[in-house]
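What follows is a set of notes on a single structure, which appears directly below.
The values are calculated or read from the model by the stated rules, or taken from the named source; none is laboratory data. Bear in mind the structure is a predicted one, so any value in this text is a computation, not a measurement. Neighbour counts run over all protein chains shown; Cβ positions are idealised from the backbone, glycine included.
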């Protein structure tokens, strides 16, 4: 039985009427840029993330770029981040003229190590980007303890709706950072019909700055206070996302249930390291990522059985050719490098049937002779 890594058609079939109706309302109105759907989605996402303000933009990469610009990060500044993430995290740092400073990850969660951040702070450090990898939040309270007054951008592209217990309270993804950023790429847990992104913050001044930056540095048409960007969220994407948003909690719960199924299925397979979720976190499992010593052979075995898998990420950013100018060598971030050689992600999307879950588990177990 073939099992894809992700089946967007299966999800669409369950909500087609709602989403198509929302999209047709925008088409009939012929108002495609910003407008009411975007403002409504911004209110919805601010509410979900527990923040005062939200600003839609063209994509998750721009969300990071605009966040850095709003914080005044620029040429010759340093921004500390993880090398075990999607390229956009560090690409945005480079594209504002700053220098990415890569520090290693925790081997258990794959999220940035706060102790490594502390050791990397210099007088040039202007911000920290913490990534919520694979759906669970980075330890923001620990990062804040070492960051002092440095602003923290939470790259929450993979964690919308995730939460973490900090002290006695649950904190949502995006809530505790200086600026939180989201991506609505179609493969995300909340995905559009194309690109889209959003930034959230508690700070009114940052909100005003982000609003200007997304529209050529202007809050009033034809009057430009700064040089900004053309990074507006389309009304069509906002309408689609608003139609999907009421289903997000249910989809996240289904992903957690699928992850728990795999955890139990692989519990007696010593070669498999199943995902560790910090007890303070509630993950949304954007990916179900296992760690194995013979990944390439396992992936070939899965491919031959018609089962989708993927490696996020096969080459850490500090070793990418485009960042050779930074001077990092192999061994600079050993946990990131080790993870890049061992991780593989299995299907975990919410519409998986029990038969599909059984097929994935059976196939993986058979590879290890179980």
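Points worth noting:
- Failed item, numbered, when residue 17 is tested on (1) within 27 Å of residue 227 (Cβ to Cβ); (2) without any contact (Cβ under 8 Å) to a residue 12 or more places away in the chain: (1)
- Selection of the range 323-344 for residues being touching a residue at least 24 places away in the same chain (Cβ under 8 Å) and touching a helix residue (DSSP H, G or I) at 6+ places or on another chain (Cβ under 8 Å) yields 323, 326, 328, 332, 333, 336, 341, 342, 343, 344.
- Identity of the residue in the range 252-304, assigned to a loop (DSSP other than H, G, I, E, B), over 24 Å from the mean Cα position of the chain (by Cα) and free of Cβ contacts under 8 Å to residues at least 60 places away in the same chain, that ends up farthest from residue 346 (Cα to Cα): 270
- Filtering 54, 58 for residues that are touching a strand residue (DSSP E or B) at 6+ places or on another chain (Cβ under 7 Å) and surrounded by 24 or more Cβ atoms within 10 Å (Cβ to Cβ) leaves a single hit, 54.
- Condition met for residue 221 (surrounded by fewer than 21 Cβ atoms within 10 Å (Cβ to Cβ) and either out of contact with any strand residue (DSSP E or B) (no Cβ under 8 Å at 6 or more places or on another chain) or modelled with pLDDT of 95 or more (or both)): yes
- When 93, 80 are checked against the criterion of being surrounded by 24 or more Cβ atoms within 10 Å (Cβ to Cβ), part of a strand (DSSP E or B) and assigned by TED's automatic domain parsing to the domain that holds residue 216, a single residue qualifies: 80.
- Flag set for residue 153, criterion: in the same structural domain as residue 199 (by TED's automatic domain parsing), surrounded by 24 or more Cβ atoms within 10 Å (Cβ to Cβ) and either in contact with a helix residue (DSSP H, G or I) (Cβ under 7 Å, 6 or more places away or on another chain) or touching a residue at least 24 places away in the same chain (Cβ under 8 Å) (or both).
- Answer from 167, 174, 180, 194 - the residue that is in contact with a strand residue (DSSP E or B) (Cβ under 9 Å, 6 or more places away or on another chain) and surrounded by fewer than 24 Cβ atoms within 10 Å (Cβ to Cβ): 194
- Flag for residue 211 being under 21 Å from the mean Cα position of the chain (by Cα), within 17 Å of residue 67 (Cβ to Cβ) and in the same structural domain as residue 13 (by TED's automatic domain parsing): no
- Which numbered condition residue 123 fails, given (1) farther than 26 Å from residue 291 by Cβ; (2) in a helix (DSSP H, G or I): (2)
- Test: residue in the range 21-33 that is within 21 Å of residue 315 (Cβ to Cβ), assigned by TED's automatic domain parsing to the domain that holds residue 226 and either surrounded by fewer than 21 Cβ atoms within 10 Å (Cβ to Cβ) or within 19 Å of the chain's Cα centre (by Cα) (or both): no
- Whichever residue in the range 34-54 is outside any helix (DSSP H, G or I) and over 17 Å from the mean Cα position of the chain (by Cα) and, among such residues, is farthest from residue 179 (Cα to Cα): 35
- Among strands (runs of 3 or more DSSP E) entirely within the range 132-217, having at least 2 residues that are at pLDDT 95 or above and under 29 Å from residue 8 (Cβ atoms) singles out 152-155, 163-166, 179-183, 197-201.
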